[in-house]
Amino acid sequence: MSGHHQPLSNRKLITLPSLILAVLAFIALVLLAKRFAFGLGSVTNLNDGYPWGLWVVYDVVVGTGFACGGYALALVVYIANKGKYHPLVRPALLASLFGYTLGGISAFIDMGRYWNFYNMFLPDQMNLNSVMLEVGLCVTAYCTVLFIEFMPAVAEHYKMQKLKAILEKVLFVFIAIGVLLPTMHQSSLGSLLIAMGYKVDPLWQSLQLQPLFAILTAITLGFSIVIFEASFVTVGFKRSSETHILKGLGKMIQVMLSVYLVIRFGDLAMRGVLPNIFDGSFRSFMFMVETVLFVVPLVILSSPQRRNRGSMLLIAAVSMLFAGALYRFNAFLIGWTPDASNSFVYFPSTEEFLVSIGIIAMEILGYLIIVKWLPILPVDHAADHAEPHGKPASQPEQA
Amino acid sequence: MDRRNFLKLASAGAVIATSSGNAQARGNLEVPDEAVGMLFDATRCIGCRACVVACKDINGMPPEQSTPEEPWDLAMDLSADTLNIIKAYEPPQGDDGFEFIKRNCMHCVDAGCVSVCPVTAMKKDPKTGIVSHDPDACIGCRYCVAACPYNIPKYEYDEAMGQIQKCQLCNQKGVERIDNGELPGCAEVCPTGANIYGKRSDLLEEAKRRMALKPGDKYVYKLGSIDSPYGQEGEVPNYQDHIYGEKEGGGTQVLMLAGNRFEDLGMPDIPELSYAAVSETVQHSIYSNFLAPATVLGGLLYMARRNIKGSQDEEQDPNQDKSGEDRS
């Protein structure tokens, strides 16, 4: 028997929110059928100037950034040996597993010639110079690793002692690989921008520094999403607060964010593009919004008093999530200059949005179902005593 | 905090950082010895679009935006159905009239599309330097579209099983005009010699020769190919002091001369070091021989093994874990 994690098996599976999520997911599936039957153009607003749209930038680039919780925590718990964060690992791994798997599926959906995707795994076809190859292979491998890292929860639930014993013996290998792979492909997601050269606005085209900015923001996004999910679980399932553990993550966000901002502005100054921030263009405005969103968590988290408050931690984490997402949107889409001689326009179509929303719905729905089915969340002693099993907990079920 | 582990992590980081510093930066790729290409002299182009028609014909591309009532081609720009296009530019002042620019694949010496393609669907012929595309390998990720500084590769968004289309200098499978000793369609039909085919080195020499001529003098412009016995006499114009494609992004095999600034004709201003070279230098610095990732993995394995043992011990003894939490 495990003393650490438990399924929320006393909660109902079918609730109003889960039904809404299921409907959103279904709409996405219908639209995807249309995409496969009639082509990318039938659903998306992609055009000859904008080869990558919402699906690549949100579902893959931002989505896998949001899925860095498992990675960031593994780094802290198993590499920096901070055992106190251990209770957060499993829920974070679950979210990462969903985020990455759906990120990978989204990439496949967006592929114009998806039936050829296996070529990425054929040594004869691989182009080792391609950043895209590295991202594709690493993401695929990491999805597998996440699945294995998650297996102990399944083994525990079905009392497969032998499997659990084997897993415990070899798990360190997968944990190590599970830290290496995201370090590689999350930095490479930034490196994707280098080859695009002048098409990426100077405010975001940092060339050699792209991988560094990408990995720094990915890890801070990872910590932020852990805070966000833990707060969501605390409020949604009416469980006791985990602020006492989360505040340490807040401190780490503060440190990494400071490093990021110093290098980021240092780079802008070195390249002489600081004046672009004030040129009054839409891009300069978006840059300022992005910067404010990065600075807000920095200000909040710089005070130990504020770090101790769950609400403040949540605000900081959410601001960081928006900052990291906007940074990636700005670099890949908003600051995109397709052609020196033409003026292409792109804004995602309603159907594109609905597919992305449906994919997010699938993630949340899957998360809700699995935490009720498998031992994912840490045992909540306080909540167990406060809420006997028989109690008709109608409020919590709304989560 | 365990300082020893922190130091180890930091030193792993240092390995990555230093290996980046030591790795050899990749410069631009060299021009293949037998590189072929085209020279487009905008001052010779009369905008007849014979090249556009020939291109559509040879490559089996349909006219664009045409209806039964208006069956002519109205292509506005390059697309998956238009691999070559002529655009007119009218200078704001002066009555020199239009100048025309021909857009098609530049067949870069150090091609971005070739560098970024994950599955080697974009290939540069080691001899001729022609950049070709293999739809059977292509996964349709469209990174080539994003990474092409000239916005050349186009994906067929309106088809369920669309593919990438680009100019392959009329030498793709089934066409093979270059291999058969013929000219690319657009060069063959050009009536004024505005666009001629040849070895890149010969074309570059020719471009320099033309720029050295005295404006107003007579000069015999070759028709079709640099080696052609046929030519057409014309008056030497005022050339811009710029051979577009000589150096742009490491050079292109399609070269251009014009009377107006290339910037005004819609050509991008690209630094001499190709973006592909920058990208590959960064990528190979981090991953050179997989030394850095292997070193890091070694460190990670060691620490994960040690620390997971610790956390498993804790798991067996809830009290110990509890005290751990209290310490925080």
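For every residue, the table says whether it meets (1) within 24 Å of the chain's Cα centre (by Cα); (2) on the phi < 0 side of the Ramachandran plot; (3) crowded, with 18+ Cβ neighbours inside 10 Å.
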{"residue": "A:VAL226", "(1), (2), (3)": "yes, yes, yes"}
{"residue": "A:SER240", "(1), (2), (3)": "no, yes, no"}
{"residue": "A:MET252", "(1), (2), (3)": "yes, yes, yes"}
{"residue": "A:LEU257", "(1), (2), (3)": "yes, yes, yes"}
{"residue": "A:ILE263", "(1), (2), (3)": "yes, yes, no"}
{"residue": "A:LEU268", "(1), (2), (3)": "no, yes, yes"}
{"residue": "A:ASP279", "(1), (2), (3)": "no, yes, no"}
{"residue": "A:ARG283", "(1), (2), (3)": "no, yes, yes"}
Is it the case that A:ALA230 is crowded, with 24+ Cβ neighbours inside 10 Å and within 20 Å of A:GLN6 (Cα to Cα)? yes
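Going by the conditions given, is B:VAL131 buried (at least 20 other Cβ atoms within 10 Å of the Cβ), aliphatic (A, V, I, L, M), facing chain A (nearest Cβ under 8 Å) and closer than 20 Å to B:SER274 by Cβ? Spell out the reasoning first.
Details: buried (at least 20 other Cβ atoms within 10 Å of the Cβ): yes; aliphatic (A, V, I, L, M): yes; facing chain A (nearest Cβ under 8 Å): no; closer than 20 Å to B:SER274 by Cβ: yes.
Criteria not met by B:VAL131.
Looking at segment B:245-261, can you tell me whether even one residue there is away from chain A (no Cβ under 14 Å), surrounded by 15 or more Cβ atoms within 10 Å (Cβ to Cβ) and touching a Cys at 6+ places or on another chain (Cβ under 6 Å)?
Taking segment B:245-261 first, the residues away from chain A (no Cβ under 14 Å) are B:245-247, B:251-255, B:257, B:259.
Next, from what is left, pick out any that are surrounded by 15 or more Cβ atoms within 10 Å (Cβ to Cβ): B:245-247, B:251-255, B:257, B:259.
Still in the running and touching a Cys at 6+ places or on another chain (Cβ under 6 Å): B:252.
Yes: segment B:245-261 contains one or more residues that are away from chain A (no Cβ under 14 Å), surrounded by 15 or more Cβ atoms within 10 Å (Cβ to Cβ) and touching a Cys at 6+ places or on another chain (Cβ under 6 Å).
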Is segment A:337-351 home to any residue that is touching an Asp or Glu at 6+ places or on another chain (Cβ under 9 Å) and hydrophobic (A, V, I, L, M, F, W, C)? yes
Can you find even one residue in segment B:106-125 that is over 26 Å from B:VAL278 (Cβ atoms), under 19 Å from the mean Cα position of the chain (by Cα) and surrounded by fewer than 24 Cβ atoms within 10 Å (Cβ to Cβ)? no
Is it true that some residue in segment B:72-80 is at pLDDT below 90, over 19 Å from B:LYS166 (Cβ atoms) and of a type outside the set (Asp, Glu)? yes
Reported set for segment A:60-88 where residues are more than 9 Å from chain B (Cβ to nearest Cβ) and among the aliphatic types (A, V, I, L, M) is A:VAL60, A:VAL61, A:VAL62, A:ALA67, A:ALA72, A:LEU73, A:VAL76, A:LEU88
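A:GLY65: touching a helix residue (DSSP H, G or I) at 6+ places or on another chain (Cβ under 7 Å) and either surrounded by 23 or more Cβ atoms within 10 Å (Cβ to Cβ) or in a loop (DSSP other than H, G, I, E, B) (or both), yes or no? Before you say what the answer is, go through the steps one by one.
On the way: touching a helix residue (DSSP H, G or I) at 6+ places or on another chain (Cβ under 7 Å): yes; either surrounded by 23 or more Cβ atoms within 10 Å (Cβ to Cβ) or in a loop (DSSP other than H, G, I, E, B) (or both): yes.
Spelling it out, A:GLY65 is indeed touching a helix residue (DSSP H, G or I) at 6+ places or on another chain (Cβ under 7 Å) and either surrounded by 23 or more Cβ atoms within 10 Å (Cβ to Cβ) or in a loop (DSSP other than H, G, I, E, B) (or both).
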Out of A:TYR118, A:TYR158, A:TYR78, A:TYR85, report the one residue that is at pLDDT 95 or above and of a type in the set (Phe, Trp, Tyr). A:TYR118
Can you tell me which residues in segment B:50-74 are buried (at least 19 other Cβ atoms within 10 Å of the Cβ) and in a loop (DSSP other than H, G, I, E, B)? B:MET61
Number of positions in segment A:156-176 that are within 22 Å of A:PHE98 (Cβ to Cβ) and buried (at least 18 other Cβ atoms within 10 Å of the Cβ): 5
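The values are calculated or read from the model by the stated rules, or taken from the named source; none is laboratory data. These figures come from a predicted structure and were not determined experimentally. Neighbour counts are summed over all protein chains in view; Cβ atoms, including those assigned to glycine, are modelled from backbone coordinates with ideal geometry.
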